[in-house]
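Data block below; observations after.
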Amino acid sequence: MDAPQTILIVDDEKAILRFLRASLEEAGFSVLEASSGRSALELAAAKKPDVVLLDLGLPDLDGLEVIERLREWTSAPVIVVSVRNDESDKIEALDRGADDYLTKPFGVEELLARIRVALRHAERAREDPEPLYRHGDLRIDLTARRVWLGKKEVRLSPLQYALLSILVRNAGRVVGQKQLLKELWPEGGSNPEALRILVHQTRHRIEREPVRPRHLKTEPAVGYRLEDSEDPS
Amino acid sequence: MTGMLGRLREYGLAVGANALCTAFCSAVSPFVALTDLVMVYLVGTLAVALRGRRGPAVFSSFLSVLCFNFFFVPPRFTFDVEHPQYVVTFLVMLAVALTISHLALRIRTQAEAAKSSELAAETERLRSSLLSAVSHELKTPLTAIIGSAGSLLQAPDAGGGHRRELLDNIREEAQRLARLVHNLIETTRFESGGVRLRKEPYPIEDVVGTALERLDKPLTGREVRTDLPEDLPLIPVDPVLMELVFVNLIENALRHAPESSAIEIAARQVGGRLEATVADRGPGLRTQPIERVFEKFYRAGPAPGGAGLGLAICKAVVEAHGGSIQAENRVDGGALFRLSLPLRGEP
C-alpha cells in the first residue's frame, strides 16, 4: 500500500473541519486544513494534495478565484462545497475548472463517493478510460458501442449514445449542461431545451422507472450525473 | 353586474318594507291614533337601514312619509293634506327616519371596523404563532439529535441495533431540520421580494424526479404511483423552486397518509396548461374553508412535523409562475392537491 492520499480541506467553520477530518481520517486519508483562501493556496503549493475540498464562502478570497489560481498550476481534483440556491455559483465553479460539487448538508457516504470518483478520474486521465460501465441492471460497453438493460439490448439513437458515452467517461461525476452542449453539438445550433429532451428520451430507454432514475440523475439547474460504475476495475 | 343587482334588491327591500308597514297600518288603523302609525313606518325604515346602504335607507325614509300621507292622512288616497299640522308631522317623521337611518348605518360601520381590527389582531396572533410553531418544529429535531448524540457518548459500546437506531435518528432529524430551514429561508426570500425566477423549459418528469430523489430516505418502503405521459410538453419553471413545491406536497402526503397507502402523482395537458396532481389516502382535509391549508403557519391537526410553511410556499411559488394551486378532498378518501401551470410563460 502506498502512502495515504492527501486531502486539503478549505473551510472556515470549525464544526465542519472537525467532522470532515474525523470522517476522512477514518476512511484512511491524510488530511490538511486551511481556513482561508490564501493559506489554502500556500498549503496546496507546498504539500501538493491529491484532492482539494473547497468551501466557496471564504473570509478572504472568493472561492471561485481560488479555483482559478489552483488551475494555473495543478490539475488535482477540486470538489466544491456549497449551499443550495447557489446554482449559479456551482455552474461558475465547474466552468472555472472544479471537478465536482457537494451540496450542504451532505452525508459522509456522498463525500467519500465524490472523493473516490475524483481520484479515479485524476488517475485515469493518464490512462485509457474504463470501457465497461455497470450499474445495477444497466451495462454499457464503450468498445462495442452497445448498451444492455438487464438481459435486453437497448437500441439508442446516435445522439442518445453520444450522451451516454460522455456520461460514462465521467461516471460518478457531475457533467455541466454547458459541457454537454459543447460536446454533443460542437458546431453549436442547439440549446438546453434540446438537451433536456434528449436526456428525457434516453432515460425512457435505460431506466425501468424514468421518473425515479437509478442511473442517470439530474443535478437541478446544473447538469447531469451518471451514477458511478459498480465494477470500475 | 351583481353590484347593480344587489343595489336594486336593496331598493326593492325598501319598497317591500313600506308595503308591509302600510298593510299592517291598514289593519290596525281603526284602533290606534293616526300619528301612532308613524312609529310603524319608522320601524320599517330602521329595518332597511340595518340591512342596506345609505341610498335605500334615505329612499325608504321619503317613501314612508309618502305612504303615510297617501294611504292614511285625510283625504285618504291622495297626496293632499287637509290639516296643515300634518306637514309638521311629515317633517318630524322624515327627520326621525333619516336620523334612524344615519345612526343604524353608523352602528354597522363601527361593527365592521371592529371586525377588521379583530382581523388585525388575528394576523398578529398568526404572526406570533410563527415563533411558537417554528420554535416547536426546531426544538423537536434538535432535542432528538442532542439526546441521541448524548446517549451514544454515554454508552459508546451500546449494542449494534441500538447504536444504529440512535445514529439513524440523528441523521433523519437533522435532515428534517434542513428541510424546515430551507422552507423558512425560501418563505422569507419570497416575502422580501428577493426571488427572481429562473424559468426554463423542463420535462415535468424531471422536476418530479428530483423531488422524489430529495425525499429518497423518507420515501423508503412507501409506494409512489406516477402517471406522467412521456410526450407531455416541456413546462417553463424554475427547477429549484418547482422541485421545492413537489417536495413539500409529497412530504405533506407522507406525513398524513398511512404508510401502507400509495402516494399518487399525475400530470396531463389541459389546453394551454399543464395540470399536475399529488394525492394521498390520508384522512383528507377538514379545514374550512379548505384554502386555509395554504395559509402560513396553519397546521392541520396533530400530525407531527411541518411548521405550516410547506403549503404556503407551494402557493407562493406556483402563483409566481402564473399558475394556481387547489386543495381538494377525494371522493373515495384522501387529500388531493391540483396545480395548474401555464405551458407558455412570459419570456
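The values are calculated or read from the model by the stated rules, or taken from the named source; none is laboratory data. Note that the structure is predicted; figures quoted are calculated from it, not measured. Using ideal geometry, Cβ is built from the backbone for each residue, glycine included, and neighbour counts are taken over all protein chains shown.
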Item checked: Considering residues of region B:220-247 that are within 9 Å of another protein chain (Cβ to nearest Cβ) and of a type in the set (A, V, I, L, M) only, the residue nearest to B:HIS321 (Cα to Cα) -> B:VAL240
Next item on the list: For region A:56-68, state whether one or more residues are out of contact with any strand residue (DSSP E or B) (no Cβ under 6 Å at 6 or more places or on another chain) and assigned to a strand (DSSP E or B).
Entry: no
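If you take the residues in region A:205-228 that are β-branched (Val, Ile, Thr) and under 21 Å from A:ALA93 (Cα atoms), which one is farthest from the other protein chains (Cβ to nearest Cβ)?
Applying the first criterion (β-branched (Val, Ile, Thr)) to region A:205-228 yields A:206, A:211, A:218, A:222.
Keeping just the survivors that are under 21 Å from A:ALA93 (Cα atoms) gives A:218, A:222.
Details: A:THR218: 5, A:VAL222: 10 Å.
Only one residue tops the list, namely A:VAL222.
If I filter region A:91-103 for residues that are over 18 Å from A:GLU68 (Cα atoms) and outside the structural domain of A:ILE206 (by TED's automatic domain parsing), do I get at least one hit? It would help to see each step written out before you state the result.
First, the residues of region A:91-103 that are over 18 Å from A:GLU68 (Cα atoms): A:102-103.
Filter once more, keeping what is outside the structural domain of A:ILE206 (by TED's automatic domain parsing): A:102-103.
Yes, some residue in region A:91-103 is over 18 Å from A:GLU68 (Cα atoms) and outside the structural domain of A:ILE206 (by TED's automatic domain parsing).
Take A:LYS182 and decide whether it is under 21 Å from the mean Cα position of the chain (by Cα) and either away from chain B (no Cβ under 14 Å) or not in a helix (DSSP H, G or I) (or both).
Details: under 21 Å from the mean Cα position of the chain (by Cα): yes; either away from chain B (no Cβ under 14 Å) or not in a helix (DSSP H, G or I) (or both): yes.
So A:LYS182 passes the test.
Here's the yes/no breakdown for (1) loosely packed, with under 13 Cβ neighbours inside 10 Å; (2) modelled with pLDDT of 80 or more; (3) of a type outside the set (S, T, N, Q):
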{"residue": "B:ARG127", "(1), (2), (3)": "yes, no, yes"}
{"residue": "B:SER135", "(1), (2), (3)": "yes, no, no"}
{"residue": "B:PRO141", "(1), (2), (3)": "no, yes, yes"}
{"residue": "B:ALA144", "(1), (2), (3)": "no, yes, yes"}
{"residue": "B:ALA149", "(1), (2), (3)": "no, yes, yes"}
{"residue": "B:GLN154", "(1), (2), (3)": "yes, yes, no"}
{"residue": "B:ASN169", "(1), (2), (3)": "no, yes, no"}
Notebook entry, point to check: (1) at pLDDT 90 or above; (2) surrounded by fewer than 18 Cβ atoms within 10 Å (Cβ to Cβ): which one isn't true of B:SER26, the others all being true?
Noted result: (1)
Note to self: So, in region B:156-167, how many residues would count as being over 20 Å from A:GLU109 (Cα atoms) and surrounded by 12 or more Cβ atoms within 10 Å (Cβ to Cβ)?
What the structure shows: 2
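For B:LEU46, indicate whether it is in contact with a Lys or Arg (Cβ under 8 Å, 6 or more places away or on another chain), in a helix (DSSP H, G or I), assigned by TED's automatic domain parsing to the domain that holds B:VAL88 and not hydroxyl-bearing (Ser, Thr, Tyr). Break it down into steps so the answer makes sense when it comes.
On the way: in contact with a Lys or Arg (Cβ under 8 Å, 6 or more places away or on another chain): no; in a helix (DSSP H, G or I): yes; assigned by TED's automatic domain parsing to the domain that holds B:VAL88: yes; not hydroxyl-bearing (Ser, Thr, Tyr): yes.
For B:LEU46, the condition - in contact with a Lys or Arg (Cβ under 8 Å, 6 or more places away or on another chain), in a helix (DSSP H, G or I), assigned by TED's automatic domain parsing to the domain that holds B:VAL88 and not hydroxyl-bearing (Ser, Thr, Tyr) - is not met.
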Note to self: A:GLY176 - would you say it is within 14 Å of chain B (Cβ to nearest Cβ), crowded, with 18+ Cβ neighbours inside 10 Å and under 24 Å from A:GLU109 (Cα atoms)?
What the structure shows: no
Checklist line | So B:ASP216, is it facing another protein chain (nearest Cβ under 10 Å), of a type in the set (D, E, K, R) and in a loop (DSSP other than H, G, I, E, B) | finding: yes
Check: So which of B:ARG299, B:ARG338, B:ARG286 is within 22 Å of the chain's Cα centre (by Cα), more than 24 Å from A:GLY223 (Cα to Cα), at pLDDT 95 or above and outside the structural domain of B:LEU138 (by TED's automatic domain parsing)?
Finding: B:ARG338
Next item on the list: Restricting attention to region B:178-198, report how many residues are touching a residue at least 40 places away in the same chain (Cβ under 8 Å), more than 11 Å from every other protein chain (Cβ to nearest Cβ) and part of a loop (DSSP other than H, G, I, E, B).
Entry: 1
Check: In region A:191-204, how many residues are surrounded by fewer than 16 Cβ atoms within 10 Å (Cβ to Cβ) and more than 8 Å from every other protein chain (Cβ to nearest Cβ)?
Finding: 2
